[in-house]
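Structure first, commentary second.
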Amino acid sequence: MRSESSVRYSIVVPFYNEQENIPPLYMKITEVMDSIGESYELIFIDDGSRDNSFKVLSDIYEHDRRVNIVRLRRNFGQTPALKAGFDFARGEVIISMDGDLQHDPEEIPRFLEKIEEGYDLVSGWRYARRDHWLLRQVPSRAANWMMAKLSGIELHDFGTTFKAYRREIIQEIQLYGELHRFIPALASSTGARITEVPITDGERKSGKSNYGIGRTIRVFLDLLIVKFLLDYSTRPLQFFGLLGFGGATLGMLIAVYLAFEKFAHGVNVMTQHGPLMLLAVALFISGVQLVSMGLLGELIARTYYESQNKPVYALREVKSHRKDVGDTEQTRPSGSSER
Ligand code: UDP
Ligand code: MG
């Protein structure tokens, strides 16, 4: 079925100032992929490097036709860089990994085995971490635990970019911000079958990590976004409306009680129940506000889905006798963008 020009595997690697790491990584990847014996392409993204990364990549490109370079205009960050690579990839299966030699290409076949078994997304699991335990391991464990709870996907490790995906799965997902670590959660909402394989967590061979503790806070905020996107993006009124009705109802009940006190017992509610009255008013007003916000959210959600032609469902396969239903490939998502 595969046409001449299509390839089986695309390896996507983003680089930001990794000049020393590029040649050894390239050698290892090609060695492993050649031994598999299927067609493949390499998609190297230069994410606005300020060192010689682009020159090093270009030299490799000159003598290897399987190499593609996607060079970004400036440093956009790991997520947009990956997205640019995913959009460019043509392989039926896409493998993403870091460019700092922390991921060992020798482990790629283990991911591919799982894909052959029928999974749509295979995620790496760093079972023995090497990062700083307090600055990176503890927050990452907490985030992983929350992520598993929120998304209902039983993965140990959401954070690594060492993953394999069927192309249609990854290309359907809109990626921005730091969302690349939530790909499994976003993918599962489209019905992807997900599994994980243990990987070793190598040490950075040279250069330095681009992230520190500051990232943790952003990750937790993104967690909130993902939860909202997954569960309520198509029905924001359910989220805000519930809170709003709760607040307004409580406010009403208190007001009724206060009115009863005033008219039945002649209590001066202003002086005797001042705080309670304030609470009733605050609850009622904020309740009404929340409901209105939910309604606005509904309006925005509709504009969003309709203007972008964003599918609210995802197909796995289509069988039909109609002439125009030849293949199930989705239209390609529009280019990457920053948040
Ligand atoms: N990276 C990138 N753009 C950035 C930051 C990082 O393309 O703005 C790449 C980087 O070159 C590496 C991968 O993303 O290939 C992971 O980055 P890093 O090693 O800094 O992250 P860590 O391993 O510390 O999580
Ligand atoms: Mg790294």
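Assess whether Leu82 counts as being open to solvent by 20 Å² or more (accessible area, probe 1.4 Å), under 28 Å from Val219 (Cα atoms) and of a type in the set (A, V, I, L, M). Steps first, please.
Values: open to solvent by 20 Å² or more (accessible area, probe 1.4 Å): no; under 28 Å from Val219 (Cα atoms): yes; of a type in the set (A, V, I, L, M): yes.
So Leu82 does not fit the description; no.
Going through Ile45, Ile36 one at a time, which residue ends up being touching a helix residue (DSSP H, G or I) at 6+ places or on another chain (Cβ under 7 Å) and within 16 Å of ligand 2 (Cβ to nearest atom)?
On the way: Ile36 fails: within 16 Å of ligand 2 (Cβ to nearest atom).
Answer to the selection: Ile45.
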Being in contact (Cβ under 8 Å) with a residue 40 or more places away in the chain, of a type in the set (Ser, Thr, Tyr) and within 16 Å of Ala143 (Cβ to Cβ) is the filter here; which residues of region 188-228 pass it? Thr216
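Out of Thr271, Thr190, report the one residue that is modelled with pLDDT under 90 and open to solvent by 70 Å² or more (accessible area, probe 1.4 Å).
Numbers: Thr190 fails: open to solvent by 70 Å² or more (accessible area, probe 1.4 Å).
Selected residue: Thr271, the only one of Thr271, Thr190 that is modelled with pLDDT under 90 and open to solvent by 70 Å² or more (accessible area, probe 1.4 Å).
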For region 99-110, indicate whether the set of residues that are away from ligand 1 (no atom under 15 Å from the Cβ), open to solvent by less than 20 Å² (accessible area, probe 1.4 Å) and at pLDDT 95 or above is non-empty. yes
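Okay, residues lined up against (1) in contact with a strand residue (DSSP E or B) (Cβ under 6 Å, 6 or more places away or on another chain); (2) within 16 Å of ligand 1 (Cβ to nearest atom); (3) within 19 Å of Asp98 (Cα to Cα):
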{"position": "Trp145", "(1), (2), (3)": "no, no, no"}
{"position": "Phe162", "(1), (2), (3)": "yes, yes, yes"}
{"position": "Tyr165", "(1), (2), (3)": "yes, no, yes"}
{"position": "Leu186", "(1), (2), (3)": "no, no, no"}
{"position": "Thr200", "(1), (2), (3)": "no, yes, yes"}
{"position": "Gly214", "(1), (2), (3)": "no, yes, no"}
{"position": "Leu224", "(1), (2), (3)": "no, no, no"}
In region 70-91, is there at least one residue being within 20 Å of the chain's Cα centre (by Cα), in contact (Cβ under 8 Å) with a residue 24 or more places away in the chain and more than 16 Å from ligand 1 (Cβ to nearest atom)? no
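Among the residues of region 60-79 satisfying the criterion of being among the charged types (D, E, K, R) and out of contact with any strand residue (DSSP E or B) (no Cβ under 8 Å at 6 or more places or on another chain), which is least open to solvent (accessible area, probe 1.4 Å)? Quick ask: steps written out before the conclusion?
Of region 60-79, the ones among the charged types (D, E, K, R) are 62, 64-66, 71, 73-74.
Of the ones still in play, those that are also out of contact with any strand residue (DSSP E or B) (no Cβ under 8 Å at 6 or more places or on another chain) are 62, 65, 73-74.
Working: Glu62: 141, Arg65: 230, Arg73: 228, Arg74: 113 Å².
Among residues in region 60-79 that are among the charged types (D, E, K, R) and out of contact with any strand residue (DSSP E or B) (no Cβ under 8 Å at 6 or more places or on another chain), the one least open to solvent (accessible area, probe 1.4 Å) is Arg74.
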Among the residues of region 111-134, count how many are open to solvent by less than 30 Å² (accessible area, probe 1.4 Å) and of a type in the set (Lys, Arg). 0
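Please work out which residue is surrounded by the most Cβ atoms within 10 Å (Cβ to Cβ), limiting yourself to region 167-184 and to residues that are modelled with pLDDT of 80 or more and more than 16 Å from ligand 1 (Cβ to nearest atom). Can you show your working first?
Step one: list which residues in region 167-184 are modelled with pLDDT of 80 or more, which gives 167-173, 182-184.
Restricting the remaining residues to those that are more than 16 Å from ligand 1 (Cβ to nearest atom) gives 167-173, 184.
Working: Arg167: 17, Glu168: 17, Ile169: 24, Ile170: 29, Gln171: 18, Glu172: 19, Ile173: 20, Pro184: 24.
For region 167-184, the residue satisfying everything is Ile170.
The values are calculated or read from the model by the stated rules, or taken from the named source; none is laboratory data. Here the structure is a predicted model, which means the values were calculated and not measured. Positions of Cβ are backbone-derived with ideal geometry, glycine not excepted, and every protein chain shown enters the neighbour counts. These accessible areas exclude ligands, DNA and RNA; they are computed on the full protein's heavy atoms, side chains included. Shrake-Rupley method; radii C 1.70, N 1.55, O 1.52, S 1.80 Å.
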